[in-house]
Amino acid sequence: MPHNTDAVGKRYDPVVYAVGREKVKEYALAVGETNPLHLDVAAARAAGHADVVAPPMFAVVYQSPSVMPALFDPEVGIDFAMLVHSAQEFRWERLVVAGEELTTATTVAAISEKGGMGFFDFEVETVDAAGKPVATGIWKMIVRGEA
Amino acid sequence: MTLPAAPVALAAGDEMPTEVVGPLTRTDFVRYAGAGGDFNPLHHDDELARAAGRPSVFGMGMLHAGMLGTRLARWVGPDNVRSYTVRFTGQVWPGDVLSLDGRVDAVEPGEGLPVARLSLTVTRQTGEVVLRATASAVVAAT
């Protein structure tokens, strides 16, 4: 099953994500977070933050709405029944707090094929309201060949 | 509870205190589905998972990647984590008990403060490693 590499370099329109206090807490609790910086506004403020602090891996949440349209793009041509999230990389410039609006843009970084499997890498850049970098994600997907 | 905000002093060979989580339940998967926005039915619909040849639903990788990331952030301070790269090497099933482990491989000079290079794993109760990660974090000068 050959994979079309024409979409490499394609960049999608940026998506804005508003970081909500309850959403940060919901994520933190789902991954077993106990640090009050992520759960308790008073504790976060006492530590000098404007509001609860998003755990670094909350990047998954604010980047997903930008990544999903790329995964579903017919030009990229991913077969969802065969999709495996194989690896994930994040680099952070700073912490994010509830109340911020972040803007994220996804680019198709690479598509290749080996052993009947397709390898899809998406580079995802998030900036803050001032346009300054917040985080970069590399989302790596494998599409397995027919069994 | 004291949690690091300022960089903490770490040296090569230092080990992150192990955290054991589980047994994981389907409810844990569903809670993460809602929190993380991953509604792939293979993670919450047993009937569909079995029709796709799986013994049951299984956990999304970003759930245990998130658990490990959280554990790391609590060790070094969330503000000090600079990068985190995970590779999924196995799947996590209902009933699994996971061990979250990490260690410092090296501490190198950085821009200003030193940077620790870490390696981390998530291991099932069977001994199977289901996630391998590397990370970098700013640490205090010693």
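Its Cα centre serving as origin, the protein assembly as shown has a Cβ charge dipole (Lys and Arg +1, Asp and Glu -1) of approximately 380 debye. Within the accessible area of chain B, the carbon and sulfur atoms contribute 52%, probe 1.4 Å, all protein chains present.
Taking the C-alpha atoms only, the angle from helix A:59-71 to the longest principal axis of chain A is near 30 degrees. Within region A:4-50, the residues that become at least 40 Å² less accessible when every protein chain is included than when their own chain is isolated (1.4 Å probe; DNA, RNA and ligands ignored) are A:27, A:30, A:31, A:33, A:34, A:35.
When the alpha-carbon atoms of the protein assembly as shown are used, the pair Rg, Dmax equals 18.8, 56 angstrom. Dividing the radius of gyration of the alpha carbons in region B:15-138 by their Kirkwood radius gives 1.04 for Rg/Rh.
Using 0.36 nm times the number of residues separating residue A:110 and residue A:34, minus their current alpha carbon distance, what extension gain do you get?
Length gained between residue A:110 and residue A:34: 23.7 nm.
How many square angstrom of accessible surface are buried between B and A, both sides summed, with a 1.4 Å probe and rounding to 100? Let's see the in-between values first.
Details: alone 7470 and 7580 Å², together 12700 Å².
Counting protein atoms only, the buried area is about 2400 Å².
Straight-line cross-link reach from residue A:23 at under 16 Å between alpha-carbon atoms covers these aspartates and glutamates, not counting any fewer than eight positions away in the same chain: A:33, A:40, A:51, A:100, A:101, B:38. Highest mobility in the GNM of chain A, judged by mean-square fluctuation with C-alpha springs under 10 Å and restricted to A:125, A:33, A:100, is found for A:33. Taking a ≥ b ≥ c as the square roots of the eigenvalues of the Cα gyration tensor, chain A is prolate, since a/c reaches 1.5 or more and a/b is larger than b/c.
If you place +1 on the Cβ of every Lys and Arg, -1 on the Cβ of every Asp and Glu, and leave all else neutral, what size is the dipole of region B:15-138 about its Cα centre, to the nearest 20 Debye?
Numbers: 12 positive and 14 negative charges, 18 e Å.
Using only the charged Cβ atoms, the result is roughly 80 debye.
Using a simple spin-label model with pseudo-atoms 7 Å out from Cα toward Cβ, residue B:126 and residue B:54 lie 1.5 nm apart.
Modelled label positions at residue B:89 and residue A:101, each set 7 Å beyond Cα in the direction of Cβ, lie 4.4 nm from each other. The helix-based estimate of mean residue ellipticity at 222 nm for chain A, built from -39,500 (n - 2.57) per DSSP H run of four or more residues and divided by its residue count, is -5500 deg cm²/dmol to the nearest 500. Our estimate of slack between residue A:68 and residue A:119, defined as 0.36 nm per intervening residue step minus the Cα-Cα distance, is 16.7 nm.
The values are calculated or read from the model by the stated rules, or taken from the named source; none is laboratory data. Since we're looking at a predicted model, the values are computed, not measured. Cβ atoms come from the backbone with ideal geometry, glycine included; neighbour counts cover every protein chain shown. Each accessible area value is taken on the protein alone, full model and side chains, heavy atoms only, with ligands, DNA and RNA left out. Shrake-Rupley method; radii C 1.70, N 1.55, O 1.52, S 1.80 Å.
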